[in-house]
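Here's the structure we're looking at; comments come further down.
Every number in this text was worked out from the coordinates using simple rules, so none of it is lab data. All values derive from a computational prediction rather than experimental measurement. Every residue, glycine as well, gets a Cβ built from its backbone with ideal geometry; the counts of neighbours run over all protein chains shown.
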Amino acid sequence: MDIEEMKKKLGSIEVITFSKHFYGPKVRLRGITEDEVKNHLKYPKKLENIEDQGEEVKGHKYGLLFHKSNKYDLKIVISIKEQSLNVITAYVQNKKRRKVFEKWLKRLR
């Protein structure tokens, strides 16, 4: 699925739920709110990248990367089944560190 298809899919989602993992003790440390995540998912104009993570019990799993600032990205891991979306986790990541990690992974392949 490409970015434009995902934006359309996210726009048509009727139900957004959050897993227990999202509400774990680290959510306060990460500084991410449920409203912020819902806003990014309902209005996905800042969606930059999609990682297909395969099929699971609750639907097809994706890692979505949203632009947060010049220095940080917001990664939201979701599963989609029909018209419902389950947020598994969300975290902020440093863009520079992510790019170094991606280069390292390419060398391993």
May I ask you to evaluate 6.51 cos²θ - 1.76 cosθ + 1.60, the Karplus curve with θ = phi - 60°, for each residue of the stretch 86-94 and list the ³J(HN,Hα) values in order in whole Hz, giving x for glycine and proline? 10, 8, 7, 7, 8, 7, 8, 10, 6
Any idea what angle helix 95-108 forms with the longest principal axis of the chain, computed on alpha-carbon atoms, 0 to 90 degrees, nearest 10? 80
Return the inverse of the average 1/r over all pairs of distinct C-alpha atoms in the chain, which is the Kirkwood hydrodynamic radius, in Å to one decimal. 14.5
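Calculated FRET efficiency, residue 4 and residue 28, Cβ-Cβ r, R0 35 Å, to nearest 0.05? Please list the in-between numbers first.
Values: r = 34 Å, r/R0 = 0.98.
E(calc), rounded to 0.05, equals 0.55.
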When 6, 1 are ranked with the fewest other C-beta atoms within 10 Å first, the list becomes 1, 6
Let me check against my output: what whole-number percent is the relative contact order of the chain, with C-alpha pairs under 8 Å and at least 6 apart? 26
Using a cut-off of 19 Å between alpha-carbon atoms, which aspartates and glutamates can reach residue 26, once sequence neighbours fewer than 8 places away in the same chain are excluded? 34, 35, 36, 73
